[in-house]
Structure formats: C-alpha cells, structure tokens
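The values are calculated or read from the model by the stated rules, or taken from the named source; none is laboratory data. Please read these numbers as outputs of a predicted model, since none were measured by experiment. Neighbour counts run over all protein chains shown; Cβ positions are idealised from the backbone, glycine included. Ligands, DNA and RNA are excluded from the accessible area calculation, which covers all protein heavy atoms including side chains. Shrake-Rupley method; radii C 1.70, N 1.55, O 1.52, S 1.80 Å.
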Amino acid sequence: MTVLSKLLCVLVVAAASPVFAQPADAPPPVRALFAADLRAEVTDSGQSRPHALGSSAFASVRIKRDGVAQPTKGKRKPAAPGLGGAQLLLAVEHGEIVGVTGEGLKTEADGPRSSVALPALRPGEETTVLIEVRLKPAETAANALKITLKTQDAASDHADLRWSVRDCAGDYYRELQTIAGEGGAELSKVLADIRKPAEELKAPAVFRSAAASRSSGRCVRYKRQWNPYEFGYSRVCVRYAAGEAPPTPVPGELSREDREALTRANALIRNGGADAKLARNGPLGWVSGKIAEDMRLYLTQPQHPALCTGAPQITAYYLKQSGGVKSHAEGVIALAAKVRVIAAAKAEEAKRAVEALRAGTTSTASEGEGSAPIRVVHAPSGGDDLRGLILALAEAGAAANAEAGAKIAAMDDELAMLAAVKEQIESGVIEKPTADALRPALALIESAARMDVIRQRHEVLRTKFIGAIERVRGAYDKHCVCRD
C-alpha cells in the first residue's frame with residue numbers, strides 16, 4: 001500500500017468518526033412571493049458560506065395555487081405549458097443560468113434574462129421549479145439571481161438571491177506551497193540534523209563534568225540497567241562494600257533531582273547533541289520519519305478542486321501521532337533551562353568559596369549570609385546569563401589581573417571563554433586553591449552552554465516539525481470556508 005493510499009485510508013476512517021463531523025450550515029431562509037392567487041416559496045442552496053470557484057448554486061421555487069384541491073377521477077393529463085398564463089421571470093448577474101427543471105415548463109432565454117412559463121394549476125395544486133446557476137468569479141460583486149412571480153393580472157416583488165465565490169482550494173494550495181517552501185516539505189532534513197552530532201559540540205570538554213563525580217565507595221555488585229536517555233544499557237552500582245557506602249550528602253552537594261537532570265543532559269552532551277530517541281532505531285525514529293514523509297507528499301501534491309476535503313482529519317491525526325516528538329522536544333528544552341539554574345546556583349557557591357579563601361576562612365553552602373550575589377559584568381544586552389557567569393567567576397578568580405578579565409570579556413563564544421579561563425588556571429594566573437573552588441561551577445556552566453546548543457536544535461524541531469502541521473491546519477481554517 002502506497003503512502004497516498006494510507007493517507008486516503010486515514011481520511012475515510014477519520015471522516016466517518018463523529019469527532020470530526022463538520023457542523024451543519026443553518027437552514028437557508030425561505031422567501032415568499034405573492035401574485036394573485038399564487039404563492040411561491042423560494043429556497044436557495046445557502047448563502048452563509050462562499051461557494052467554490054467553478055461550482056453551481058441552486059434555487060428551488062415551490063409554487064401553489066390558493067384553494068382546496070378537488071378529487072379527480074382517473075389519471076389527470078398534464079397541463080400544457082403556459083396554459084394558466086403564470087410565469088417566473090429570472091434575471092442573473094455575473095453568473096449563468098444553465099438549467100431550469102420542472103414539470104410542464106417552457107423556458108425562453110434572452111441573455112441574462114429568462115422567462116419560465118408555468119403549467120396551469122387547479123386550486124390547491126402545486127409545482128416545483130429547480131434553477132441551476134453556474135457561478136463566476138466576481139471581484140466587486142456577488143453572483144445574483146432575481147426571481148419574480150407574474151400572472152396575467154399581477155406581479156410579485158422579486159426575491160434577490162446572492163452567492164459569493166472564492167477560490168478556496170486554490171488559496172489553500174498556494175498557502176501549502178508557502179509552507180512547503182519554508183521547510184515544511186523538508187522535515188526529514190530537520191530529523192537528519194538532529195540525529196547527528198552538532199559541529200559546535202565536537203570539541204572535547206574543557207572541564208570535567210561535576211555530575212560524573214560520584215561516591216568514592218567501592219562497589220561490590222553491579223546491575224545492567226536500561227538508560228532511556230542514551231537509548232542503551234549502562235552499568236549501575238547496586239551494592240557498596242561494608243563501610244564504604246556513599247557518604248551522607250554535605251551542604252553544597254547536588255541534590256538527587258539535580259543529579260538526575262545532569263545525567264540526562266550529559267547523555268545528550270556525550271553524543272554531541274545527537275538525539276538517540278529520534279535515531280532511526282530509536283523509540284521516536286520511525287513515527288517521526290513517517291510523519292515527515294507523509295507531510296512532504298501532502299504539501300507537494302498537485303492542485304485539485306477537492307484539496308480542502310479531509311484536511312482537518314489529516315492534521316488532527318498527525319498532531320496526535322507527533323505528540324511524543326513534541327513532548328520530547330519540550331522536555332529537552334526544559335532540561336536545558338534546568339541545567340542553567342543548577343549552574344547559576346553552583347556559581348554562587350563558588351563565589352562564596354573564593355571569598356572565604358581570600359578571607360582565610362572556610363565556606364559551605366549554608367554560610368552565604370552576608371555575601372553579595374554574583375555581579376554579572378560585561379554581560380551583553382541580550383541577557384546571556386552564561387556569559388555573565390563566566391565573566392563573574394573569572395574576575396573573582398583573578399581579581400588583581402584586569403587584563404586577563406578583559407581578554408575573556410572580548411570573546412563571543414562561551415566555550416572559548418571557558419577555554420581561556422582554563423588557560424589562566426594552567427598558567428597560574430588563577431591560583432590552585434581558587435581554581436579548585438571554581439572548577440565544579442565552571443564545569444556546570446560548560447554543560448549549560450553545550451545544552452544551549454542542543455536546546456536550539458530541539459526548538460527548531462518543535463517549530464518546524466510540529467509547527468508545519470499546525471500551519472497546515474491554520475491554512476485550512478483560513479481558506480477552506482467554501483461549501484462542500
């Protein structure tokens with residue numbers, strides 16, 4: 001079965017579901033015409049919604065003669081057209097009358113005007129006339145039809161019917177082409193990019209991640225455990241040697257929640273930003289690839305009059321199918337924000353530790369009272385807090401070396417700034433005790449900087465991948481307003 005065949009199956013199943021049932025139009029109003037003892041009720045095919053370009057509109061005229069019908073014996077012969085002298089006068093504007101249907105009618109056309117001779121009606125009898133008008137594009141005025149009921153002695157007021165015309169399928173098609181041209185038809189490229197390492201993250205780590213340092217206790221039993229963040233198995237210690245269990249957390253140590261967040265972040269960072277969940281063999285790989293291919297086929301299909309048909313069902317189906325991709329992308333974006341918060345808190349601890357070293361005292365996380373918060377200097381107007389944190393810690397570490405701080409401040413890239421700080425540590429500009437106090441915070445800032453690159457990739461995934469489907473639905477709501 002081809003992809004287009006599957007799309008049609010989705011459409012048929014969805015259309016049959018009451019969840020996707022389209023609201024019915026309000027019943028069209030009935031206009032009454034009176035001429036002598038004849039009464040006509042005019043009903044049109046609906047004016048609440050525009051008609052599609054190239055379609056037809058219909059008007060039904062039900063004509064009845066006053067009085068009580070008398071029973072007749074045997075089969076009555078049809079009356080000759082025009083025997084009663086009654087007529088329907090039709091005048092069309094911007095459209096074309098292509099059919100007048102009814103029993104015993106005789107139609108004469110004269111350009112945009114037509115006269116329809118009606119059969120003779122006995123008291124209480126009625127007949128129905130169906131008029132088809134082929135609608136034409138009209139930029140300044142709607143297609144219009146005036147209907148007047150006339151007898152030999154009287155004429156009614158006219159019923160004025162108007163129908164607007166829009167190229168709904170054409171407008172929708174042009175909007176789809178815009179979405180396709182802006183990347184909607186190339187979602188597979190978005191997936192290909194996020195499945196491979198980012199160029200910015202190929203350089204080795206500057207500082208060793210603080211999350212990698214675990215308990216120094218000796219493990220005597222390991223367990224092979226599935227790691228959902230790396231989409232693979234990892235070795236986890238489940239029992240430590242007697243007397244060597246993990247130490248009780250001390251003030252300033254990462255909480256369990258923070259450590260779990262950093263474990264997830266480091267899994268992405270070690271892969272260079274390559275998302276294992278979206279890999280071809282990952283849990284979201286097949287469904288994301290299928291949606292990307294189906295969207296390409298939908299957006300690049302040729303224009304046809306029924307293009308609007310089924311769009312709500314298709315978009316609802318794929319929005320539901322892509323819910324896992326959307327949740328995953330939003331989870332990574334939230335994770336990057338969490339790592340930033342952890343890095344900022346650790347930087348504050350590092351600043352207090354450096355101040356305590358200079359004062360000749362010791363410092364813990366609970367001894368921050370009276371210490372001023374980190375002073376973010378040289379921060380750009382965009383509010384890049386990671387850059388400000390690096391500059392603040394660099395200046396705190398090399399307080400007497402203004403030239404070194406200015407050199408770091410001149411750099412634009414956070415990873416390059418961290419490398420420059422490491423050079424100061426290795427060259428002795430930042431003394432070893434101070435460097436030891438700064439390293440955990442600098443490592444977390446580096447993790448946050450690398451996660452920021454990963455966050456940007458997942459924002460592209462959310463914006464282009466999920467956004468393309470949402471834009472298709474928005475285009476339908478905007479353009480597909482014509483009557484089916």
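Before moving on, here are some points about what is shown:
- Pairs from the list Lys346/Lys422; Lys146/Lys478; Lys223/Lys432; Lys202/Lys290; Lys196/Lys422; Lys277/Lys422 with a Cα-Cα gap above 26 Å: Lys146/Lys478; Lys223/Lys432; Lys202/Lys290; Lys196/Lys422; Lys277/Lys422.
- Accessible carbon and sulfur surface of the range 294-359 relative to its total accessible area, %, 1.4 Å: 61
- Positive-end ranking of His158, Gly184, Gly170 along the dipole of the range 139-197, with charges on Cβ about the Cα centre, is headed by Gly184.
- Farthest toward positive dipole pole in the range 285-340 [+1 Lys/Arg, -1 Asp/Glu at C-beta], among Gly289, Pro302, Ser327: Ser327
- Computed with a 1.4 Å probe over protein heavy atoms only, the accessible surface of the range 263-317 comes to 42 Å² per residue.
- Proximal aspartates and glutamates to Lys64, defined as alpha-carbon separation beneath 19 angstrom and excluding residues fewer than eight positions away on the same chain: Asp37, Glu41, Asp44, Glu103, Glu125, Glu126, Asp153, Asp157
- Aspartates and glutamates whose Cα lies under 15 Å from that of Lys136, excluding same-chain neighbours fewer than 8 positions away: Glu93, Glu96, Asp167
- Counting Lys and Arg as +1 and Asp and Glu as -1 over every other residue whose Cβ lies under 9 Å from the Cβ of Gly285, the net charge comes to +3.
- A 1.4 Å probe run over the protein chains yields, for the range 109-203, 51 Å² of accessible area per residue, whole-number rounding.
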